[in-house]
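For reference, the structure is listed below as structure tokens.
The values are calculated or read from the model by the stated rules, or taken from the named source; none is laboratory data. Bear in mind the structure is a predicted one, so any value in this text is a computation, not a measurement. Positions of Cβ are generated from backbone atoms using ideal geometry, with glycine treated the same way; all protein chains shown enter the neighbour counts. Surface areas here come from the heavy atoms of the whole protein model, side chains and all, with no ligands, DNA or RNA. Shrake-Rupley method; radii C 1.70, N 1.55, O 1.52, S 1.80 Å.
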Amino acid sequence: MLHGESHKIARSGWLRAAVLGANDGIVSTASLLTGVAAASSSAENILLAGVAGVVAGAMSMATGEYVSVSSQADTERAAIAEEQAELDDNFVGETHELASIYRQRGLSAELAHDVAVALMQHDALDAHTRDELGISEHSSARPLQAALFSAGSFAAGAFIPLLAAVAGSGITGIVLSTLLALIVLGIVSARAGGAPVFRSVVRVSFWSSLAMAASGLTGTLFGHFVG
């Protein structure tokens, strides 16, 4: 009987973009607000900087993801086109190449040959795309999806430290709300991807804290010298 299994690896494409966007939205906005606040700026200037940072950051994430993932997609299409040309030019040789790949994975020479022949007859390009090039349905580039998830998650993440700034909670409130948001993000992303929760939380919290500390120190020094 056929059965449908749902593997978390299928989420890798959009999950990577969403986690990256949310983490960047939280950290970059919190770092920006912390740096501006540390420079003894007014509440209006802090809020203005935060809003501008959210808009600019979301657009930058969308553009950057779309361009980079589009480049990946172009590379994949070029590799597939090259593979198709090789199949058209030397079908038998490509069959032996596929059989060699399966032998390296542990199949006997006879079984590897039989599997390669069967797959080549079924869909030669698909077999080489998957097993030679390493391009699968789950790993293939999706530029628009990556751009939308990155921009949306960036704005959602940035809303948390921005809300703390609007509430007038100061640097302490911004930092605490950011750390809480990062912990939640680490837990959610780990659960969604089936990864260890503790490692994910520590990783995202530690490096993000360093970023905020560096921004706050920069703002303090700048405010001291300018003032």
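Things to note:
- Taking the chain as a Gaussian network of alpha-carbon nodes connected by springs under 10 Å, the highest mean-square fluctuation of the residues Arg203, Arg191, Arg105 belongs to Arg105.
- Stokes-Einstein translational diffusion, segment 177-225 - Kirkwood Rh over all Cα pairs, 1.567 mPa s, 4 °C, in µm²/s: 110
- Estimated [θ] at 222 nm from DSSP helical runs (n ≥ 4, -39500 (n - 2.57)) normalised by residues in the chain, nearest 500: -30000 deg cm²/dmol
- Out of every Cα-Cα pair that the chain contains, those further apart than 23 angstrom amount to 61 percent.
- Translational D in µm²/s for segment 111-191 (Stokes-Einstein at 20 °C, 1.002 mPa s, Kirkwood Rh from C-alpha pairs): 128
- 0 to 90° range, to nearest 10: angle between helix 143-166 axis and the chain longest Cα axis: 20
- Mean accessible surface per residue for the chain, computed with a 1.4 Å probe while every protein chain stays in place, in Å²: 57
- Crossing angle, helix 12-38 versus the chain [Cα axis fit, 0-90 degrees, rounded to tens]: 20
- Taking only the alpha carbons of segment 25-121, we obtain Rg and Dmax values of 26.6, 76 Å in that order.
- Comparing Thr63, Ala38, Ala18 along the charge dipole axis of the chain, the residue lying farthest to the positive side is Ala38, per the Cβ-charge model.
- If you run the Gaussian network model on the chain, springs between alpha carbon atoms under 10 Å, then out of Ala73, Ala85, Ala151 the most flexible one is Ala85.
- Computed over the chain with a Gaussian network model linking Cα atoms closer than 10 Å, the most mobile of Gly64, Gly134, Gly173 is Gly134.
- Positive-end ranking of Met120, Gln145, Ile160 along the dipole of the chain, with charges on Cβ about the Cα centre, is headed by Ile160.
- Between helix 197-226 and the chain: long-axis angle, C-alpha atoms, 0 to 90°, nearest 10: 40
- If the segment from Val188 to Asp74 were pulled out straight at 0.36 nm per residue, it would be longer than the present Cα-Cα gap by 37.9 nm.
- Between Leu111 and Ser42, the modelled label-to-label distance comes to 7.6 nm, taking each label 7 Å out from Cα in the direction of the beta carbon.
- P(r) histogram, all alpha-carbon pairs of segment 144-200 included - 10 Å bins from 0, percent: 23, 39, 32, 7
- Rounded, prolate or oblate (a/c below 1.5 giving rounded, otherwise prolate when a/b exceeds b/c) for segment 72-164 by Cα gyration tensor: prolate
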